[in-house]
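The values are calculated or read from the model by the stated rules, or taken from the named source; none is laboratory data. Small disclaimer: the values here were computed from a predicted structure and weren't measured. Please note: Cβ atoms are built from the backbone with ideal geometry, for glycine as well, and neighbour counts cover all protein chains shown. Ligands, DNA and RNA are excluded from the accessible area calculation, which covers all protein heavy atoms including side chains. Shrake-Rupley method; radii C 1.70, N 1.55, O 1.52, S 1.80 Å.
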Amino acid sequence: MIRTPRLLLRQWRAEDREPFAAMGRDPAVMAHFPALLTREESDAGADRAEAYIAKNGFGFWAVEIPGEASFAGFIGLKSPWFEAHFTPCIEIGWRLARPFWGCGYATEGAAAALEFGFTRLALEEIVAYAVPANVRSLAVMRRIGMQFSAEFDLPGLAEDDPLRRHVLYRIARQDWRSRSATN
Ligand SMILES: CC(C)(COP(=O)(O)OP(=O)(O)OC[C@H]1O[C@@H](n2cnc3c(N)ncnc32)[C@H](O)[C@@H]1OP(=O)(O)O)[C@@H](O)C(=O)NCCC(=O)NCCS
């Protein structure tokens, strides 16, 4: 569990399934993913996130905003599901329900997840990736100090699939430390 000034990043609970499924049905939240999620797909995703945290002690944590929302989305760390020139590695990722956009919550939670990765997990580097059109996600990466590294293609997608081309951002522990010292 991670506490920030406004958020709690915690293990998933049964009650998170319904609001998580509602996010998966929101076209704005899912704009840069292949499809909206059925209830079954959404529950399976929550199950996977919960099991990953139980096994590894970190993962894509459920985000709670105490006093405002018992579940607002997820933020966290995990290893990517595919192989690429930068794997194996740990990625940082986020997804919030729309009412919680525009408040800095993703940036606040992601900064805490980075700190967890570099201190508790002693990682050397953390990566993030998104399609170029996902400007909100790329802005979070830049706000937490990550830098553009390369473009790459997600494996398994057709050449003309708009979700194939991704941009990769990275931050090394050394750079995170120097940045934390000056902030
Ligand atoms: C990606 C996502 C989490 C980003 O959400 P976001 O609200 O843009 O990001 P933040 O929570 O960091 O909030 C930043 C915004 O809050 C504002 N803000 C207010 N208070 C702030 C604070 N204390 N700190 C930082 N920003 C603050 C910023 O100015 C910025 O405003 P803008 O919306 O006008 O740009 C969200 O768009 C999302 O869930 N998208 C769908 C899922 C997705 O695509 N995930 C990523 C896949 S790669």
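Screening the candidates W94, W81 for the property of being free of Cβ contacts under 8 Å to residues at least 24 places away in the same chain, closer than 23 Å to A150 by Cα and within 14 Å of the ligand (Cβ to nearest atom) yields one hit, W81. Residues that are under 20 Å from the mean Cα position of the chain (by Cα) and of a type in the set (K, R) were ranked within the stretch 159-183; the one that is nearest to R120 (Cα to Cα) is R173.
For the stretch 116-133, check the following and say yes or no: at least one residue is within 13 Å of the ligand (Cβ to nearest atom), among the basic types (K, R) and closer than 20 Å to L7 by Cβ. Walk me through it before giving the result.
Let us first name the residues in the stretch 116-133 that are within 13 Å of the ligand (Cβ to nearest atom), namely 127-133.
Those still in the list that are among the basic types (K, R) too: none.
No; the residues of the stretch 116-133 include none that is within 13 Å of the ligand (Cβ to nearest atom), among the basic types (K, R) and closer than 20 Å to L7 by Cβ.
Output the number of residues of the stretch 34-59 satisfying the condition of being open to solvent by 30 Å² or more (accessible area, probe 1.4 Å), among the hydrophobic types (A, V, I, L, M, F, W, C) and either touching a Gly at 6+ places or on another chain (Cβ under 9 Å) or over 21 Å from N134 (Cα atoms) (or both).
5
The residue of the stretch 66-78 that is nearest to C103 (Cα to Cα), among those that are more than 11 Å from the ligand (Cβ to nearest atom) and among the aliphatic types (A, V, I, L, M), is A69. Within the stretch 14-31, the set of residues being within 15 Å of A69 (Cα to Cα), out of contact with any strand residue (DSSP E or B) (no Cβ under 7 Å at 6 or more places or on another chain) and among the charged types (D, E, K, R) comprises R17, E18. Assess whether T4 counts as being among the hydroxyl-bearing types (S, T, Y), at pLDDT 95 or above and more than 21 Å from P132 (Cα to Cα). For T4, the condition - among the hydroxyl-bearing types (S, T, Y), at pLDDT 95 or above and more than 21 Å from P132 (Cα to Cα) - is met.
Listed by first and then second residue, the pairs linking a residue in the stretch 99-127 that is touching a residue at least 40 places away in the same chain (Cβ under 8 Å) and among the charged types (D, E, K, R) to a residue that is part of a helix (DSSP H, G or I) and open to solvent by 20 Å² or more (accessible area, probe 1.4 Å), with Cβ atoms under 6 Å apart and 6 or more places separating them unless they lie on different chains, are E124/R173. Looking only at residues in the stretch 139-183 that are assigned to a loop (DSSP other than H, G, I, E, B) and in contact (Cβ under 8 Å) with a residue 12 or more places away in the chain, the one that is most open to solvent (accessible area, probe 1.4 Å) is P162.
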